[in-house]
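Each remark here refers to the structure printed beneath this line.
Just so you know, all these numbers are worked out from the coordinates, no wet-lab data involved. The model shown is predicted, which means the values in this text are computed figures rather than measured ones. Cβ coordinates were reconstructed from backbone atoms using ideal geometry, including for glycine residues, and neighbour counts include every protein chain displayed.
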Amino acid sequence: MKIAHIAIWTKDLEAMKDFYTRYFEGKSNVKYVNNSTLFESYFISFDDGATLELMQKQSVTKPADTEEQLGLTHMAFRLGSVEAVLSLTETLRSDGYVVAGEPRTTGDGYFESVILDVEGNKIELLA
């Protein structure tokens, strides 16, 4: 069995698409638009087969709680090396994104950092 995709409601669909295609080498499909429901989306595909659906609809406006909560809490991208984690963390920091967790080795042996995307979603960068 394989997860087909993860979806995120977003306020700024174009900015989110640009973020995931620029920094994570995702490839976007052509934007889907349903004019009758005012729904728009992009599917962002990654080389390993994972897919992220970014969605926008005028009626969806309430942001998720910024504190920890039940439910999906973050996405993790395996970058392959400590150097890659350090490099992307610093690139994102210098481009103005929030580093919510500095690079470190976790208690369970992962080397990771945590950044926030355009709309504050947590992303772990893993070695």
> Stretch residue 74-residue 15 to full length: gain in nm at 0.36 nm per residue minus the Cα-Cα span?
Replying inline: 19.4 nm
> Tell me, what HN-Hα J-couplings in whole Hz come from the Karplus equation 6.51 cos²θ - 1.76 cosθ + 1.60 at θ = phi - 60° for each residue of segment 20-26, using x for Gly and Pro?
Replying inline: 6, 7, 6, 8, 10, 6, x
> Can you give the relative contact order of segment 1-59 as a percent, counting alpha carbon pairs under 8 Å and 6+ residues apart?
Replying inline: 41 percent
> Percent relative contact order of segment 73-127, based on C-alpha pairs within less than 8 angstrom and at least six residues apart?
Replying inline: 44 percent
> Using the alpha-carbon atoms, what tilt in degrees (0 to 90, nearest 10) does helix 82-94 show relative to the longest principal axis of the chain?
Replying inline: 60 degrees
> What are the ³J(HN,Hα) values, in whole Hz, obtained from phi via the Karplus relation 6.51 cos²θ - 1.76 cosθ + 1.60 with θ = phi - 60°, for each residue of segment 4-16 in sequence order, with x given for Gly and Pro?
Replying inline: 6, 6, 10, 10, 10, 6, 9, 7, 10, 4, 5, 5, 5
>> At 0.36 nm per residue, and after removing the present C-alpha to C-alpha distance, how many nm does the segment from residue 34 to residue 58 gain when stretched out fully?
In response: 7.5 nm
> Quick one, which of (1) 48; (2) 72; (3) 44 is the actual percent of Cα pairs over 20 Å apart calculated for this model?
Replying inline: (1)
> Relative to the present Cα-Cα distance, how much length would full extension add between residue 98 and residue 119 at 0.36 nm per residue of separation?
Replying inline: 6.5 nm
> Considering amide H positions built from the backbone, and no H for Pro or chain starts, which residues 5 or more places from residue 76, or on another chain, come under 5 Å of its amide H?
Replying inline: 124
> Roughly what would the spin-label model give for residue 47 and residue 90, points 7 Å off Cα along C-beta, in nm?
Replying inline: 2.2 nm
> Out of residues 5 or more away from residue 39 or on other chains, whose amide H comes under 5 Å of its own, with H placed 1.01 Å from N in the peptide plane?
Replying inline: 34
>> Using Cα-Cα distances under 8 Å and only pairs 6 or more residues apart, what relative contact order does the chain have, in percent?
In response: 22 percent
